[in-house]
């Protein structure tokens, strides 16, 4: 399925009412293993014993994939166990809520939905469930479906080593290794009837680094969010397609580092105005606004296919004949949200005739609540305080500044917002020159991630910073639970210690 036709992606607990559709999905997924599907009583048993371990992923309300799991006392099973043993001859009476390892029974994706990284979402859910339940790790027997092609010339161990060295392509094993699972053992006679693997399987394991032995003091699992900032180079592009190729390059790059967010700068698409440089400046930017819908649709597709939330920076948009500076949050579940620049600069108003927006709100994401303020808006502390009052954890600031003093205003105000609102602030801007676009001659930027200033954070309040005026990406992890601790136990508590008996702030 093409990503542009996807309207919604949901990860849900498996419901027995979905069985018939699930059966059809299994039949489609296991075309090389006839009659390989779970019966309704098997699914009912799994759901009744361990509901949290059975999940489906739905695309446009259609089942696209599924993951089935149980919890086992791992030490009770020999390293060379087989599938029947681990499942209790398919009765799943081996499931023990007090066990120590999450064991994967099955994962499959319907062929038409492959290539959308849905399998990664299922495995990420398993890892998160493992951490939530404080288990030692995740394990399962992984098939090696291409082994039958090489079984006459090499052992399973030699085959696995060649796959790890990328000398042989094995779609299943390559996928597991890329998802941080490590091969522990080769198991012979694991799954009866698996001719493609010659009935061999690889015991794959993932260790939970947050695991605490039950006799240790319990600690809350921390939520770590990875931010990917794009420091965009302004350069000429032949057309919109060429610009979107560069956009996808950066999304691919930050997604490759497992980032949860990609942040683009304000007016990153300005190079496209070069083709209309013969027009007046106000007409040229209104022509640029005609590309906005197409660009947003592309961002939404990329968010889905690369499994990343994208803050699109900002672009011009015409609504009821008025020109605005807007951007979009494109979530990886296929939904989008629009945000507006509320304070336009004197130059934007005078040269382009741009209007300030009226909407200020936080956005819920799978990584907590976020806010977005475009460039100049970050210099008005009331806006970010209102967002903080609404529960914002991360503030994103896409910006565009031409000179170092303009950048310094955004940079210094953004850092102040992190301190006063006990949140993380990520800023991303554009660099380089744009000689054939009116009112966009030069750019200066240094993308950065700011934190509060307290013992749990960098002493200078800077988590990460890019090289000034150089095209690059910046990757940084931020720990949301540190904000919770700061709010309760910080050396100073900017949100708690406000004198609300003297003043108040509220939206009209």
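Mean shadow of the range 224-489, computed from the convex hull of its alpha carbons, in nm²? Taking the Cα atoms of the range 224-489, their convex hull projects to 12.6 nm² on average. Just to confirm the number: angle between the C-alpha axis of helix 480-489 and the first principal axis of the chain, 0 to 90 degrees, nearest 10? Taking the Cα atoms of the chain, the angle to 480-489 is about 70 degrees. What relative contact order, as a whole-number percentage, does the range 3-207 give when Cα pairs under 8 Å and 6 or more residues apart are counted? After rounding, I find 18 percent. Highest mean packing comes first when the peptides 429-437, 147-155 are listed by Cβ atoms within 10 Å, giving 429-437, 147-155.
Would you order 324, 90 from fewest to most other beta-carbon atoms within 10 Å of each residue's own beta-carbon?
Working: 324 21, 90 14.
The most exposed by this proxy come first: 90, 324.
For residue 495 and residue 257, the difference between the fully extended length at 0.36 nm per residue and the C-alpha to C-alpha distance is 82.4 nm.
Here the range 1-32 and the range 142-199 have alpha carbon centers that stand 26 Å from each other. The convex hull defined by the C-alpha atoms of the chain has an orientation-averaged projected area of 27.6 nm².
In the P(r) worked out for the range 12-154, what percent of Cα pairs fall beyond 25 Å? Show your work: numbers first, answer last.
Values: 2865 of 10153 pairs.
Roughly 28 percent, once rounded to a whole number.
Can you tell me the relative contact order of the range 157-296? Whole percent, Cα pairs under 8 Å, sequence separation 6 or more. Walk me through the numbers before you get to the answer.
On the way: 112 pairs, mean separation 22.0, N = 140.
That works out to 16 percent.
Tell me the relative contact order for the chain as a rounded percent, counting alpha carbon contacts under 8 Å between residues six or more apart.
11
In degrees from 0 to 90, rounded to the nearest 10, what is the angle of the helix 40-49 Cα long axis to the longest principal axis of the chain? Once rounded, the angle reads 70 degrees. Here is how the number arises for the chain: DSSP H runs of 4 or more residues each give -39500 (n - 2.57), the sum is divided by the residue count, and the result at 222 nm is -8000 deg cm²/dmol. With a cut-off of 15 Å on the backbone N, the residues of the range 104-121 near the modelled label site 7 Å out from residue 62 along Cα-Cβ are 109-116. With the gyration tensor restricted to C-alpha atoms of the range 199-292, the semi-axes of the equivalent ellipsoid amount to 47, 18, 9 Å, longest first. For the chain, the longest principal axis of the C-alpha atoms and the axis of helix 240-256 are separated by about 50°.
Annotation for the range 301-318 versus the range 445-505: alpha-carbon center distance of 25 Å. In terms of the Cα gyration tensor, with a ≥ b ≥ c the square roots of its eigenvalues, is the range 225-366 rounded because a/c is under 1.5, prolate because a/b exceeds b/c, or oblate? Here the range 225-366 falls in the oblate category. Taking the Cα centre of each part, how many Å lie between the range 369-414 and the range 231-255? Each part's Cα centre sits 24 Å from the other's.
Among 307-313, 112-118, 485-491, what's the highest-first ranking by average C-beta atoms within 10 angstrom per residue? Mind showing how you got there, number by number?
On the way: 307-313: 26.6, 112-118: 17.6, 485-491: 14.6.
In decreasing order of mean packing, 307-313, 112-118, 485-491 become 307-313, 112-118, 485-491.
Every number here is computed from the coordinates shown, using simple stated rules; none is lab data. Worth saying up front: this structure is predicted, and the values here are computed from it rather than measured. Every residue, glycine among them, receives a Cβ derived from its backbone with ideal geometry; neighbour counts consider all protein chains shown.
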